[in-house]
Every structure is written in structure tokens, then in C-alpha cells.
Amino acid sequence: MAWDTTVTLGMGDVVSNESLANLLREERRFAPPADLAANANVTAEAYERAKADRLGFWAEQARRLTWAAEPSETLDWSNPPFAKWFADGKLNVAYNCVDRHVENGLGDRVAIHFEGEPGDTRSLTYAELQREVSRAANALVELGVRTGDRVAIYMPMIPETVIAMLACARIGAPHSVVFGGFSADALATRIEDADARVVITADGGYRRGKPSALKPAVDEALTRPGTDKVRHVLVVRRTGQEVAWAEGRDVWWHELVDRQPDQHTPEAFDAEHPLFILYTSGTTGKPKGILHTTGGYLTQIAYTHQAVFDLKPESDVYWCTADVGWVTGHSYIVYGPLANGATEVLYEGTPDTPHQGRWWEIVQKYGVTILYTAPTAIRACMKWGDDIPAKFDLSSLRVLGSVGEPINPEAWIWYRKHIGADRTPVVDTWWQTETGGIMISPLPGVTETKPGSAQVPLPGISATVVDDDANEVPNGSGGYLVLTEPWPSMLRTIWGDDQRYLDTYWSRFEGRYFAGDGAKKDDDGDIWLLGRVDDVMLVSGHNISTTEVESALVSHPKVAEAAVVGATDPQTTQAICAFVILRGGAAEDDGLVEELRAHVAKQLGPIAKPKRILPVAELPKTRSGKIMRRLLRDVAENRALGDVTTLTDSSVMELIQSKLPTAA
Ligand code: 6R9
């Protein structure tokens, strides 16, 4: 039996050889379309050039930006891991994202096509965006915001959110965007940690066909200790719902911003001036305030957005479905597309309001050519059925992107086939809040893609997979993903906590950035992501990746989505417990559960066969679409639930718990 040959190398061997063999059997390959390859922004030569002179390559990319003072030095790594990129350069991010396009004669180009959930729309040209951002910048100055002051932003997905972020960047006031689905507590912690002076919010936004309030959470957050330095709350009227008002503190956006002059002279800031703080929750401890700065960040974001999506700003219509409260929204809704002068869609609501074809209707309406979304959304669409996207004209699409989680090969294939007409490349982009921008991804005009793999570090990026002892693993083996050289959009530290920055990312492997993800290299040396290292299961001495068991389940025609956790088990250390969402119409009975267990055993080997499989209606997810396996582990181990504040919908957990009469 293959099992007996498994060598367990300890926790570093994050994948057993048996399951490794499975993904290596994924042999479907998709060459870039000839016309895309022939006109691609980036060709194979970029890898060679970057390899020969990595810093020279990034210095060249920095020239995409307009600098008030050109940098003479590319990287200062004299005090690792505290990097300085382009340190003596000076620039203004908002000028780069807005004004320079207007100066280049592109003022009439649409920057943002906004689509509100109720169906209201608004298109903003670059010239209009310049006036709006200037007004907002003047308003912040009037509220007493000075360069270096932090501004918290707690908003729905509306144009004012983008305007507010750019206004902060314009005056050098680092923003801290807090996702609008977070609670008052989560908001208070982040306001306190960043020591914010102003909060920008809205009365509410539209979600699932209803107004959803935001202002009350701000009011509540500001009663918490540590938030008393907030001088003003700037409130956008979006839904018109009633709001409580603190005289002297609260200010309406339409009263303050609209009366400002629509001109504002941007000041140039140092390349290492802080641009934003964005909090990531992590599994333990208080949220980490990830700090990003100006010149290196914008360089890598502009480059990757143009390279990975093959953006042609004069003809493409780009749409990233993320929320701006997530790093994907920062880098690939706000800074990347706008630095590149793109035309993009901004959509406020959920994909199934008022119907499950809403996204495809938007693609058809605006002629979207590039779509960037998350595996969780793709799997939801698979569940709703192939016939829904089939009703819309999606022929404008030419590049599809994925981010946020490993994408199961079946979801990847579905995305390409049902959304991309089996014609468009799918780019699976691996990166993190900490990396600021995309790090590992195919290039649509160069890479022959493999369903389920992020494949190769981008030109100028150095990544590999190592074992417990920091040795690079050979092709065909698994371990930990590490980044081996600094990159321009890397986090500079954890806000206010340099030691935690060192401990979290730079102490596991000397001189290398530890990403916290399991990964493996296939026989070609391509990288496959296996999920967070904390999510790897230990079953009878074998390390098994949750991602691989999930992919095996999703490859069964009756399964739309799966989440797998290891639950403590007296015999096997951990037992595999799977929660599955069935595709429309599949009957849930004992026969099916047995069929699924057998299917996994066949795909991955008997050791990976789930001990329990529970069909459920929904899975607990963060708004950025990541499955919260920690909560499922709590359920599987019959414990009280841990922190649910970052969950999209906490009633999901009640539903799941009610399915578990005999929790182990
Ligand atoms: C951009 C973003 C980062 C974590 C990361 C990894 C997972 C993101 C992925 C992926 C496999 C991909 N992740 N993209 N895993 N394939 N293409 O998601 O940032 O919210 O900080 O999450 O997400 O586990 O470490 P963030």
C-alpha cells in the first residue's frame, strides 16, 4: 500500500506524499490565447531581465510613476528586515492616480462606473475624480487633519470611499480602512491602535436589498476608551436612514465637502511616507496593523496590475469584486487601476441581489473585459447553476483573476468554461495584506496555466518552498512558502510593534519572510498553495492539507463547496471532518455521504477519507471570502464558538450547529 511508503518529516512536511501525487495528476494545461500572447504587456523576457538585475528591474518599474524627485537609490536593506525602497524619491500618490491622467489629456476617460445595489449608477471621469478628491482633501484640512495624522474609514462600497482614500493620500494622512461589516468593537480597537483623529463613514449602505446602517457602530465605537482623540466624524449620506448626531463632532460630507474649492495642490511626500495601515486578524492576539508606504507600494501595485491582467487602459473595462476594506480593494480597486488610468466598475452590493445573475448582468452592461474575484464567489456561482451566467453576454471578458484562497481545480475549470467561454486565461494570484501586491501568479500572455496552481513568482519576486530546516525542497515536495528577497510593496512593519513584525514574519527562517502558508512544488517547479499552515491536519502521523481534501470533495459532481477541519480524535490525533454544500438538486442521504467518502479515498488515498461529512446550507466566511475553519473546528469539537466578529453572517453558525446532534 502506498501509505507505508510515506515519510513523515514533521510539521514542515505539510503534505503527505499520497495527496501530493493527487494534485500532480492534474494534467490539464491551457496555453495563452495566441492574440493575447502576441500583444501581451509582459513577455517571457521580463523574467530573464529581472533575474539578471532585480533591483534594476524594479528601478525601471518605478519609472511608471511620476516623481516630484526621482529616486537615486532603489533599495536600502542595510537594516533588514526594515526595508527602504526609493528612499530619496518624492511623489504624491493621488497625483499619480488622478491628476497626471487629466494632465495627459485623459480627463474625459471614465475612471469609475459605480453601480449601487438598488440599481442607481454614477460614472466619474478622471477630471471629475480630480475635483472630488481635491474637495475632499480641502475638507480634511479644514477638519484639522495634518500630514501624518491617521484617518479611519468605515464605509460601504461607494465612490466616496475611493475619494476619501485618495484625499488622505493626497495630504499625506495615512488611512486605516475598516471593513464596513465589522462590529463597533472591531472598529474601536482599530481606531485606538492607529490613534485616528477623524473617522469617515456613511449613514449606511445597501446590502441584500436593504439599507444596512454604519453610523451607529461608529457612535458606539467612539464611546469606548482609547478612541477619545477622534475629533470629527465625516458622514456621507447614502441611504438616508436616521442617524444620531453629535453636534460639533459630526459633519455631513455634502455640507462640508461640497462647498470646498475643487482645486488642491498636491504635496510630494517621501517614498517611505506611510500610505496606509490595514489590519489583519490572524488567528491569535490583537489584530496586526500592517503598514504600507508610498513609492515602493505604488510601483509594485501599478506594475502587477498592468502585467498580471494585461491591462490596456484605453480599451479595457476592469472589475475587481472585492470590498475596499480588504487589501485586494486597496491595491486592485483603488491604487493599481487608478495609477494605470484604467476604467473600472465599482459595485456596492452582493452577487445575488436582486437575482443570482447580477454580476453577469453588470459584466454585460459595462462590457467588462477583466474580472478579478475570489474562489468563494466562483463556488457560489457554481452552486447556483450553469444556466445563470449562460443567460448573459459575457463575450467581452478576456482575462479572469482569482485571489483569496487556493482555487480548487474544479472551480478554476468552471470559471474558465462558464464565465470565460473556455477561451480566457485564468490567473490565480497569491499574495497577502503583508505583501501589498501580487507575488505569485501566471502571466496571461506567457504562462501555460494549470488549474489550481498560482505557479510562478512574478518577475522581480523571489519565492520558494522550504522544509522545517529551511532547506529548499526538491520538485515534487511540500513545505512552507517563503519569500527570499525584499520586494517594493512589502509591509514595512506592524504599526507600533517592530518586535511583532520580526517575530511573526522574520524569525521562523533566518533572513526569509515566512508567509504562514503551506505550499509545494510540482515536477516542473510550479508552486501550489495548500492553505494556512495552521489548517494542516495531522492524521495518524500524516500531514494532510485541508485544501487538497476540499478539492477532492469539490471534484465530485454533487458538491459545490467544501470546508475541511481536523477535529481532535483519541485514535488518530485528528480526524478529518468535512462540511459540504451540495449542488442544486443533490439529495442529502447516507448513501451520498458514503459516496463522497469513497470518492475522497479514491482521489487522495484512504488516509484522507473524512471520518464525518456533514451537508450544510452555508459555510462560515469572512467578508473577504475565507472559510473560518477555526469556527468549524469549534463545532466539530463541540466547543463554544470563538470570536465571530469577522464573520459575514453569524446565523450561519447556528444553522450548522443545529445539524450536529451528535457532535463528537
Ligand atoms: C490578498 C489576500 C492572505 C492569505 C494568504 C493565503 C490566502 C490569498 C491566495 C491564497 C492560495 C491564492 N491566499 N490568495 N491562497 N491561493 N491565490 O487574500 O490577502 O486577506 O491578507 O490573505 O490568503 O493563505 O496567506 P489576505
State all residues of the range 439-455 that are out of contact with any helix residue (DSSP H, G or I) (no Cβ under 8 Å at 6 or more places or on another chain) and more than 12 Å from the ligand (Cβ to nearest atom); if no residue qualifies, say none.
Thr447, Glu448, Thr449, Lys450
Pairs under 9 Å by beta carbon, first residue farther than 29 Å from Lys210 by Cα in the range 104-131, partner among the polar types (S, T, N, Q) and in a strand (DSSP E or B), six or more apart or different chains?
Leu106/Thr125; Gly107/Thr125; Asp108/Thr125; Arg109/Thr125; Arg109/Thr343
For the range 521-557, enumerate the residues that are within 11 Å of the ligand (Cβ to nearest atom) and among the acidic types (Asp, Glu).
Asp534, Asp535
Looking at (1) open to solvent by 10 Å² or more (accessible area, probe 1.4 Å); (2) more than 16 Å from Val482 (Cβ to Cβ), find the lone condition where Leu529 falls short.
(2)
Exclusive hit being touching a Lys or Arg at 6+ places or on another chain (Cβ under 9 Å) and outside any strand (DSSP E or B), set Ala563, Ala567, Ala578, Ala598
Ala598
For the range 477-490, indicate whether the set of residues that are over 20 Å from Leu458 (Cα atoms) and part of a loop (DSSP other than H, G, I, E, B) is non-empty.
yes
Which residues, counting only those in the range 303-313, are more than 14 Å from the ligand (Cβ to nearest atom) and either open to solvent by 10 Å² or more (accessible area, probe 1.4 Å) or of a type in the set (Ser, Thr, Tyr) (or both)?
Tyr303, Gln306, Lys312, Pro313
Criterion (modelled with pLDDT under 95, of a type outside the set (Lys, Arg) and more than 16 Å from the ligand (Cβ to nearest atom)) met by exactly one of Gly385, Gly357:
Gly385
Could you figure out which of (1) open to solvent by 20 Å² or more (accessible area, probe 1.4 Å); (2) over 21 Å from the mean Cα position of the chain (by Cα); (3) modelled with pLDDT of 95 or more; (4) on the phi < 0 side of the Ramachandran plot isn't true of Gly496?
(4)
Yes/no for Ala184 being at pLDDT 95 or above and of a type in the set (A, V, I, L, M):
no
Only residues that are more than 11 Å from the ligand (Cβ to nearest atom), among the small types (Gly, Ala, Ser) and in a loop (DSSP other than H, G, I, E, B): list them for the range 398-433, please.
Gly420, Ala421
Counted residues in the range 83-129 being of a type in the set (S, T, N, Q) and surrounded by fewer than 24 Cβ atoms within 10 Å (Cβ to Cβ) come to 4
Being more than 16 Å from the ligand (Cβ to nearest atom), farther than 17 Å from Gln61 by Cα and open to solvent by 10 Å² or more (accessible area, probe 1.4 Å) is the filter here, so list the residues in the range 314-353 that pass it.
Glu314, Ser315, Val317, Thr343, Tyr347, Gly349, Pro351, Asp352, Thr353
Kindly list the number of the only condition in (1) surrounded by 24 or more Cβ atoms within 10 Å (Cβ to Cβ); (2) within 23 Å of Val616 (Cα to Cα); (3) of a type in the set (D, E, K, R) that fails for Lys558.
(1)
Checklist (1) under 21 Å from Arg630 (Cβ atoms); (2) crowded, with 18+ Cβ neighbours inside 10 Å applied to Tyr513, failing item
(1)
Would it be correct to say that Asp503 is more than 16 Å from the ligand (Cβ to nearest atom) and outside any loop (DSSP other than H, G, I, E, B)?
yes
Filtered residues of the range 284-313 (kept if closer than 26 Å to Leu443 by Cβ and basic (Lys, Arg))
Lys312
Gly436 is checked against (1) within 21 Å of Val42 (Cα to Cα); (2) surrounded by 20 or more Cβ atoms within 10 Å (Cβ to Cβ); (3) more than 16 Å from the ligand (Cβ to nearest atom) and fails just one. What number does that condition carry?
(3)
Enumerate the strands (runs of 3 or more DSSP E) found wholly within the range 76-162, keeping only those where 2 or more residues are in contact with a His (Cβ under 9 Å, 6 or more places away or on another chain).
121-125, 150-154
Count of the range 439-480 residues which are without any contact (Cβ under 8 Å) to a residue 60 or more places away in the chain and of a type in the set (Asp, Glu)
1
Criterion: open to solvent by less than 10 Å² (accessible area, probe 1.4 Å) and away from the ligand (no atom under 11 Å from the Cβ) - qualifying residue of Leu394, Leu371
Leu371
For Gly518, work out the one condition from (1) crowded, with 22+ Cβ neighbours inside 10 Å; (2) more than 11 Å from the ligand (Cβ to nearest atom) it doesn't fulfil.
(2)
Just the residues that are part of a loop (DSSP other than H, G, I, E, B) and out of contact with any Gly (no Cβ under 9 Å at 6 or more places or on another chain), please, taken from the range 328-348.
Asn340, Gly341
Only residues in the range 481-501 that are basic (Lys, Arg) count as the first member; pair them with residues that are open to solvent by less than 20 Å² (accessible area, probe 1.4 Å) and not in a strand (DSSP E or B), Cβ under 7 angstrom, at least 6 apart or cross-chain, and list the lot.
Arg492/Ala83
Out of all the residues in the range 467-490, which are buried (at least 19 other Cβ atoms within 10 Å of the Cβ) and either closer than 23 Å to Asp53 by Cβ or within 16 Å of the ligand (Cβ to nearest atom) (or both)?
Gly478, Gly479, Tyr480, Leu481, Val482, Leu483, Pro486, Trp487, Pro488, Ser489, Met490
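The values are calculated or read from the model by the stated rules, or taken from the named source; none is laboratory data. Not measured: the values here are computed from a predicted model. No Cβ is skipped: glycine too gets one built from the backbone with ideal geometry, and neighbour counts run over all protein chains shown. Only protein heavy atoms, including side chains, enter the accessible area calculation; ligands, DNA and RNA are left aside. Shrake-Rupley method; radii C 1.70, N 1.55, O 1.52, S 1.80 Å.
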